[in-house]
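The block underneath contains the structure these notes are about, expressed in structure tokens.
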Amino acid sequence: MKKFLAAFALLFFVFTASGQDAVMSSWPYLYPEFAKGTVWMNDGKKYERELNIHVAKGRLHFVDGGAIKEANPGEINLVELNGDQFTVLNGDVVKVSGDLDRCYVAKRTSIDYQKLNETDGPYGTKIDAGATLSLTTFELTGVAASYTELLRNRNEGSSLPLKNDYYLVFGGKVLNASKKAVENSLDAEGKAAFKTFQKQNKIKWQDTASLLQLVDFLAGL
């Protein structure tokens, strides 16, 4: 039984890391482990740390002397972690795809509080997001939390649903990845070109590869 439970827990965390469907309230992190990554700061300094992304706070956390600490988002330029790249957008740490110097797609993974409110609890009752969060230990995963204690308790708590918000970044603009946002950012000539682009390319607004084609098109207008 113990072996089965251990295997189940491992599969759960692998699924969470790849599928981005849910996290545990006692482990509200993008990845199932803190892993060695590299952080480049705005002042040019470079650090290698055990890193993870706290999805409830949109912040970069790192292990320092056995404690979990939080990096100042205003000082971060670029993060490389588990083969992914991250930067800071509107104060949140976001995953990026594309050319940071020209145009890119940003994905912000966070707790889906609306879905959390709609989740059925025991005996058919509704779970209130505020009440649920008050029962969890988010302070445990905040600044100066014990990494050992965090690992020991990461299977506790409640399952929290996630959502992904996408942004198009180009030419100094940051747009929500939606047809309306794109159209509102364009002049008449740009709207005509965008209409043609849509006819030639079926845009998937929750797909990074599709959005990369779009942001590359927008950067070239």
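Arrange 112, 165 by Cβ neighbour counts within 10 Å, fewest through most, would you? Walk me through the numbers before you get to the answer.
Numbers: 112 18, 165 14.
Arranged by neighbour count, lowest to highest, 112, 165 become 165, 112.
The stretch 139-215 and the stretch 64-86 have their alpha-carbon centroids 20 Å apart. Projected label points at residue 114 and residue 210, each 7 Å from Cα along the beta carbon direction, are separated by 1.8 nanometres.
The gain in end-to-end length when the residue 63 to residue 187 segment is fully stretched comes to 39.9 nm, 0.36 nm per residue minus the alpha carbon separation. Ordered by the count of other Cβ atoms within 10 Å of each Cβ, fewest first, 195, 69 give 195, 69.
Going by how many other Cβ atoms sit within 10 Å of their own, how do 203, 53 line up, fewest first? List each step's numbers first, then the result.
Values: 203 17, 53 25.
Ascending Cβ contact count within 10 Å gives the list 203, 53.
A Förster distance of 45 Å, applied to the separation of the beta-carbon atoms of residue 180 and residue 43, puts the FRET efficiency at 0.75. Across all C-alpha atoms in the stretch 153-218, the radius of gyration and Dmax reach 16.1, 56 Å. For the cross-link pairs 57/115; 36/173; 180/204, the ones whose C-alpha atoms lie over 24 Å apart are 36/173.
Each reported figure results from applying straightforward, stated rules to the coordinates on display, with no laboratory input. Please read these numbers as outputs of a predicted model, since none were measured by experiment. With ideal geometry, Cβ positions are generated from the backbone for all residues, glycine too; neighbour counts draw on all protein chains shown.
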